[in-house]
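The values are calculated or read from the model by the stated rules, or taken from the named source; none is laboratory data. Predicted model only: the values in this text are computed from it and were never measured. Here the Cβ is made from the backbone with ideal geometry for all residues, glycine too, and neighbour counts use every protein chain on show. Heads up: the accessible areas ignore ligands, DNA and RNA and are worked out on the full protein's heavy atoms, side chains in. Shrake-Rupley method; radii C 1.70, N 1.55, O 1.52, S 1.80 Å.
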Amino acid sequence: SDWVAISGGSYREGVVGQPTTINPVVSTNPADEDISALIYSRLFDLLFNYEVENEGRVYTIKLKENLKWNNGKSLTSDDVIFTIKTIQDPETRSPFLKNWQGVMTERVSELQIRFALPAPYTFFPNNLKRLPIIPKHIFENIPPTNFKLSAYGLEPVGSGPYRFEGYSKKRDGFITEYHLVANENYEGQKPFIKDFYFKFYENYDDMLKALRLREINGFGVLNPLEIENKADKLSKIVVNKIEMPRYYAIFFNPNINPILKNAELRHALTEAIDKQKIVREIFGDRGKAVAGPLNKELVEIETEDSDSFNPERAKSRIESLKNPAIELNLLVPKVDFLEETAKKIKDEWLAAGIKNVNLIVLEPNDMLESAVKTNNYEMLLFGNVLENPKDLFAFWHSSQRFFPGLNLSLYQNLKVDSLIENTRQTDDEEKQKEFLKEAETLIVKDAPAIFLFSLPYEYVHVKNLGGFEMSETGKFIINSSDRFNGVSNWSVARARIIK
């Protein structure tokens, strides 16, 4: 006899934080993004088909017929165009703006839309995959700056697998639980799990306790130190490790400290760091040491790490500079594992002959405002998440040296620029790999940054959750809320089939 998933049952997901605006076009708050992932559909899931013309400059999409919002109203091309126009309005300050800058939208019919891109962009379907669609009939009369104040911020209308049912909050305003139910109007595969609850906690310890007491069935973790070995000790618990195209690095800004213009010094600082030891001692081998900006598994290329750990050579390179008084300032976000990493690196640099290393620790939000946006740092320990594992543009193209670009090393190499542009304009995968391999080799040789490690995303859940194989990609997620990509396949109820 076999067991099969059947419809029914409920699931409780733990989240640290609070929902504030469940509208994916304006919010960057993780709790909002998690709930949004279940309530709103992404454009790609609503498509009947798409065509590419004019050498990759024009995309024509066609929606499926009879799409509906969960309140029964029709979902048409007008909603899609409204969503994109809202994102393109600078007042909205949408996290999706960078993907839609310069894209012209034209309504062809109730189901068809044409997009004209400023230049061919082979990864554009990725932007269609990630675009959440919001209802025009709800938001057209609310200015984007007021989205966060509207009642629909906490009682959203969407077209995804689940719809909003209700929430509970304490008298002090803390929302304790959010209740969703399967959406009868959902056009895709109907979810097996009928009731989906989010339960909110102030920290990971409270959440682990809730998992132990079975008040929740699962939660996701971006920071491996939060659960270290605690989750492994819980009985009947599974920890899924999911690849995430994010790496942590130290970015050099030679404009602030000219000594960093010296390539010998940059290579020496790289060679002084024992990345494997960091991964072992801080992360218990949960992460991976990296040598460059590309995730080798996801891009499937191999490049050499020219500067692997070599403390003797680091020391002699620093001695050869004949500058006994080198002093460096490293800016670090107030995140436990990054602070621990920075302390280890400081010790290794001092051992290699640097006279002094000042660690400046800032709250992540302050750091963004006072340092990142203004390029006001000498060295910065920071993480990059590649929205597309093959696209280095936002982080390494010279046009992205100033905010909102994220080229944090203010790196300029015209050859690398053209390799990045070529990667974005060809759909020949073998050529893409050649361009990327060459770009990464040049970046590593120039040493504008020290690439340190990458960390997986971890999803911790009870054993009886079925169907949690990651959606379409299977291999990786970009945002933590992508763990819900395949939520329609999740199940907790089973029936036995007698053969």
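Scanning the stretch 184-228 for residues that are among the charged types (D, E, K, R) and farther than 17 Å from residue 459 by Cα turns up 184, 187, 190, 194, 195, 202.
Look at (1) touching a Ser or Thr at 6+ places or on another chain (Cβ under 8 Å); (2) open to solvent by less than 20 Å² (accessible area, probe 1.4 Å); (3) of a type in the set (A, V, I, L, M) and you find that residue 15 fails only one, number (1).
Within the stretch 185-217, being surrounded by fewer than 17 Cβ atoms within 10 Å (Cβ to Cβ) and either without any contact (Cβ under 8 Å) to a residue 60 or more places away in the chain or more than 30 Å from residue 48 (Cβ to Cβ) (or both) holds for 195, 202, 203, 205, 206, 209, 212, 213, 214, 215.
Among the residues of the stretch 124-146, count how many are crowded, with 19+ Cβ neighbours inside 10 Å and within 24 Å of residue 484 (Cα to Cα). Looking only at that region, the number is 8.
Residue 238 fulfils the conditions (1) at pLDDT 85 or above; (2) out of contact with any Phe, Trp or Tyr (no Cβ under 9 Å at 6 or more places or on another chain) except for a single criterion, (2).
Is it true that some residue in the stretch 353-373 is crowded, with 20+ Cβ neighbours inside 10 Å and of a type in the set (D, E, K, R)? No, the stretch 353-373 contains no residue that is crowded, with 20+ Cβ neighbours inside 10 Å and of a type in the set (D, E, K, R). Of the conditions (1) open to solvent by 40 Å² or more (accessible area, probe 1.4 Å); (2) over 19 Å from residue 411 (Cα atoms), residue 314 clears all except one; give me its number. Failed condition: (1). Has the stretch 392-408 got at least one residue that is at pLDDT 95 or above and over 29 Å from residue 131 (Cα atoms)? No; the residues of the stretch 392-408 include none that is at pLDDT 95 or above and over 29 Å from residue 131 (Cα atoms).
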